[in-house]
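Asker: Mind having a look at this structure? Questions to follow.
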Amino acid sequence: MSVLVYIEPREGKFKKYSFELVSYGQRVASALDQLLHILVIGKVAREELNSLGQYGATNIINVSEDIPFDDQVFTGIISNFAKQKEANVVVLAHSLTGRAIAPRLAIRLGAGLSTAVNGLPASYKPFIVNKKAFSGKTLVQQEITTEVKVLTLSQNTAGITEHSASPVIEEINSDAVASATKVVSTEVITGKVLLNEAEIIVSGGRGMRGPENWKPLEELAQILGAATACSRPVSDEGWRPHHEHVGQTGKVVAPSLYFALGISGAIQHLAGISSSKVIVAVNKDPEAPIFSAADYGIVGDLQSVLPKMTEAFRKFKAS
Amino acid sequence: MNIFVCISNVPDTTTRIKYKPGNKEVDYTGVQWIINPWDELALTRAIELKEANQAAIQKITVITVGKADAEPTLRKALAIGADDAIRVDVAPEDAYTTAVQLAEVLKSEKDALILSGVESSDFNSWSVGGMLAELLDAPSVSAVSSLNIEAGNVVVTREIEGGKQTITTTIPSVLIVQKGIAIIPRIPSMRGIMTARTKPLKVVQGIASQPMVKVLDYQAPAQKSSCRMIDPENIEELIDLLHREARVI
Ligand SMILES: Cc1cc2nc3c(=O)[nH]c(=O)nc-3n(C[C@H](O)[C@H](O)[C@H](O)COP(=O)(O)OP(=O)(O)OC[C@H]3O[C@@H](n4cnc5c(N)ncnc54)[C@H](O)[C@@H]3O)c2cc1C
Ligand SMILES: Nc1ncnc2c1ncn2[C@@H]1O[C@H](COP(=O)(O)O)[C@@H](O)[C@H]1O
């Protein structure tokens, strides 16, 4: 029996989330006293694969082909390795791809599934995990009662642990089947920090007053190496693109630092940001509910406060 | 082609969650029930498509797995514009048992586009759509943010890490939709509410299936400590706190 972790390279490189997943796999495998297998689909350089050893990867399977993503095709590849390696715990990222594959994979493996789990299992026998429900309003403990388990791990909930190993790398070709879906075109956002990878997020709400006022917000984001985000009405009004919408019906984020600028703090918005380590709120209304979710607050008008913030952070970064 | 929209009946998103003594069950007394927000958007898009492609789309059916208390939510979906409704008379236990019931009803539907939401706003399991597709051995596309029927082809845009992809898929398929598919959900019109009363709502019996995951315990998340207020004339203090105290910059 073994633990299988599936990680996704982006443009041939691994991001922090992948290191967290490998660390997680290492700790689960060692608790269960089982072998850890890391599965990577995509062309990745040797050194990049070797670097996973730092986090405890001992056995790496690399399907070194660039296969267009398709739910069924990837489910097929991963489930084949899971069966071949007799994996009884399969771990994926709670990313867009992880979410797409995990439910299919669970059915194919006859496994129980828990998505967006927080941190390590609370117990292995019985197998108990922690997660959130009701969009962050409650924490639940769940038991997965099947022999084989599939998990998606929430980002930044387990941390990265160093654990040096020299991995054995097996490079193989997939027997990928033809997919029923056909990709017509792909559009990639370049030169921007992605919301789900961002350590810092600068987010604006209706209190920003209009799309023309986003310039200082974008400047602040750039100075901090942050991603930009917004509340739902802001994207509904077309002030900002939909992929920036954070909250219950948008993206759930977990950065170290979240700036909520002119956001009232409606419960549906908080649902998307409650896992942030530190929240800074700026709002002209001292009674705004965002202040009860924030760690640091400024009461003031953004028209004057935001340019001051941008300047002050610029100075700080330059010093 | 028929469109099926899977509807999850969930507490209103502003509901304060309370538990029954022992913290093993949620206390649903006094809760306002709604159509899961993503399912509402899926239904909205289905209706728009039917209006635009009268010939291509015969019928929109909403389907839910739930006991009789889920019927007002199904009636609301009919009032918004679905043609008929199916309720599988089983209390949902986990994502797996729910998907099994849906698959049992939908497996005979070959000329169907099946829509589900990315997640239910109650248990946030992100599971039922993908499980259903696998049980039906049908293609699935998740994180779908736009859907069109062009010359009989199903054309969707899906969000991917750091971008988006336009894809065509075959029938039957399961599309797992998110925001963007529609922006503003349709609300029932007066006439819709009247006609919904007489639209067909079929109740079918479920099949036996065993859950794979069970909830052991609920807990309220830890409260944040109070917010530290900073003078807008003293941004340097904020920077200093973020740097030295919080250590996030
Ligand atoms: C089913 C459902 C799902 C939802 N999902 C989401 C979601 O995913 N994400 C989301 O964000 N919302 C969501 N909402 C909407 C949510 O309820 C709120 O309406 C929304 O979050 C409010 O956005 P806002 O804070 O930008 O705007 P507002 O509530 O209008 O707040 C604007 C704030 O800016 C302040 N302000 C105004 N002018 C200034 C100024 N010059 N300087 C400083 N401050 C100023 C005001 O005091 C106010 O607090 C959802 C709602 C429903 C019903
Ligand atoms: N009881 C249910 N009946 C019908 N469809 C459901 C039910 N529960 C979930 N779904 C569908 O599955 C989607 C994802 O829900 P979940 O996997 O529970 O987060 C929802 O948006 C619905 O479309």
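The values are calculated or read from the model by the stated rules, or taken from the named source; none is laboratory data. Small disclaimer: the values here were computed from a predicted structure and weren't measured. Because the Cβ atoms are built from the backbone with ideal geometry, glycine has one as well, and the counts that use them run over all protein chains shown.
Asker: Identify the single condition in (1) on the phi > 0 side of the Ramachandran plot; (2) touching a helix residue (DSSP H, G or I) at 6+ places or on another chain (Cβ under 6 Å); (3) more than 7 Å from every other protein chain (Cβ to nearest Cβ) that B:R247 does not satisfy, given that it satisfies every other one.
Answerer: Checking B:R247 against (1) on the phi > 0 side of the Ramachandran plot; (2) touching a helix residue (DSSP H, G or I) at 6+ places or on another chain (Cβ under 6 Å); (3) more than 7 Å from every other protein chain (Cβ to nearest Cβ), the one that fails is (2).
Asker: Which residues, counting only those in region A:95-120, are surrounded by 22 or more Cβ atoms within 10 Å (Cβ to Cβ) and either closer than 19 Å to A:Q26 by Cβ or charged (D, E, K, R) (or both)?
Answerer: A:G98, A:R99, A:R104, A:V117
Asker: Now, a different point. Test B:A52 against the criterion of being more than 16 Å from ligand 1 (Cβ to nearest atom) and within 22 Å of B:L147 (Cβ to Cβ), and give yes or no.
Answerer: Against the criterion (more than 16 Å from ligand 1 (Cβ to nearest atom) and within 22 Å of B:L147 (Cβ to Cβ)), B:A52 qualifies.
Asker: Just to verify a result, which residue in region B:143-166, among those that are touching a residue at least 24 places away in the same chain (Cβ under 8 Å) and under 26 Å from A:V193 (Cβ atoms), is farthest from the chain's Cα centre (by Cα)?
Answerer: It comes out as B:S146.
Yes/no per residue for (1) within 30 Å of A:S319 (Cβ to Cβ); (2) within 16 Å of ligand 2 (Cβ to nearest atom); (3) modelled with pLDDT of 95 or more; (4) assigned by TED's automatic domain parsing to the domain that holds A:Y17:
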| position | (1), (2), (3), (4) |
| --- | --- |
| A:I189 | no, no, no, no |
| A:I201 | yes, no, yes, no |
| A:R206 | no, no, yes, no |
| A:R209 | no, no, yes, no |
| A:A221 | yes, no, yes, no |
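Asker: Sticking with this structure for a sec: Looking for whichever is in the same structural domain as A:A87 (by TED's automatic domain parsing) and under 14 Å from A:I172 (Cα atoms) here; the options are A:S64, A:S18, A:S30. Which one fits?
Answerer: Only one candidate qualifies: A:S64.
Okay, residues lined up against (1) more than 28 Å from A:T186 (Cα to Cα); (2) more than 19 Å from the chain's Cα centre (by Cα); (3) part of a helix (DSSP H, G or I):
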| residue | (1), (2), (3) |
| --- | --- |
| A:V28 | yes, yes, yes |
| A:A57 | yes, yes, no |
| A:N62 | no, yes, no |
| A:I77 | no, yes, yes |
| A:N88 | yes, yes, no |
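Asker: So which of B:K50, B:K20 ends up being at pLDDT 95 or above, more than 15 Å from ligand 2 (Cβ to nearest atom) and within 14 Å of chain A (Cβ to nearest Cβ)?
Answerer: B:K20
Asker: Within region A:257-289, how many residues turn out to be closer than 22 Å to A:L224 by Cα and within 11 Å of ligand 1 (Cβ to nearest atom)?
Answerer: 9
Asker: Sticking with this structure for a sec: Being more than 8 Å from every other protein chain (Cβ to nearest Cβ), surrounded by fewer than 17 Cβ atoms within 10 Å (Cβ to Cβ) and within 30 Å of A:L151 (Cβ to Cβ), is that true of even one residue in region B:223-231?
Answerer: Among the residues of region B:223-231, at least one is more than 8 Å from every other protein chain (Cβ to nearest Cβ), surrounded by fewer than 17 Cβ atoms within 10 Å (Cβ to Cβ) and within 30 Å of A:L151 (Cβ to Cβ), which makes the answer yes.
Asker: Also, quick follow-up: Starting from region B:95-122, keep only residues that are closer than 12 Å to B:D39 by Cβ, then list their pairs with residues that are among the aromatic types (F, W, Y) and assigned to a helix (DSSP H, G or I) whose Cβ atoms are within a distance under 6 Å, requiring at least 6 positions of separation or different chains.
Answerer: B:G117/B:W38; B:V118/B:W38
Asker: Which one of A:N130, A:N50 is within 12 Å of another protein chain (Cβ to nearest Cβ) and modelled with pLDDT of 95 or more?
Answerer: Values: A:N50 fails: within 12 Å of another protein chain (Cβ to nearest Cβ).
Answer to the check: A:N130.
Asker: Return a yes/no flag: does region A:171-179 have any residue that is surrounded by fewer than 21 Cβ atoms within 10 Å (Cβ to Cβ), closer than 20 Å to B:G130 by Cα, at pLDDT below 95 and not hydrophobic (A, V, I, L, M, F, W, C).
Answerer: Taking region A:171-179 first, the residues surrounded by fewer than 21 Cβ atoms within 10 Å (Cβ to Cβ) are A:171-179.
Right, trim to closer than 20 Å to B:G130 by Cα and you get A:176-179.
Pick out the ones that are also at pLDDT below 95 and you get A:176-179.
Going one step further and asking which of them are not hydrophobic (A, V, I, L, M, F, W, C), we end up with A:179.
Yes, region A:171-179 has at least one match.
Asker: If A:K137 passes every condition in (1) closer than 25 Å to A:Q268 by Cβ; (2) in contact with a Leu (Cβ under 8 Å, 6 or more places away or on another chain) but one, which one does it miss?
Answerer: Answer for A:K137: the failing condition is (2).
Asker: A follow-up question, please. Mind listing whichever residues of region A:133-164 are within 7 Å of another protein chain (Cβ to nearest Cβ) and closer than 18 Å to A:V90 by Cβ?
Answerer: Within region A:133-164, A:Q142, A:E143, A:I144, A:T145, A:T146 meet the criteria.
Asker: Kindly provide the set of residues from region A:269-291 that are within 24 Å of B:S121 (Cβ to Cβ), of a type in the set (S, T, N, Q) and touching a Ser or Thr at 6+ places or on another chain (Cβ under 8 Å), ordered by number.
Answerer: A:S275, A:S276
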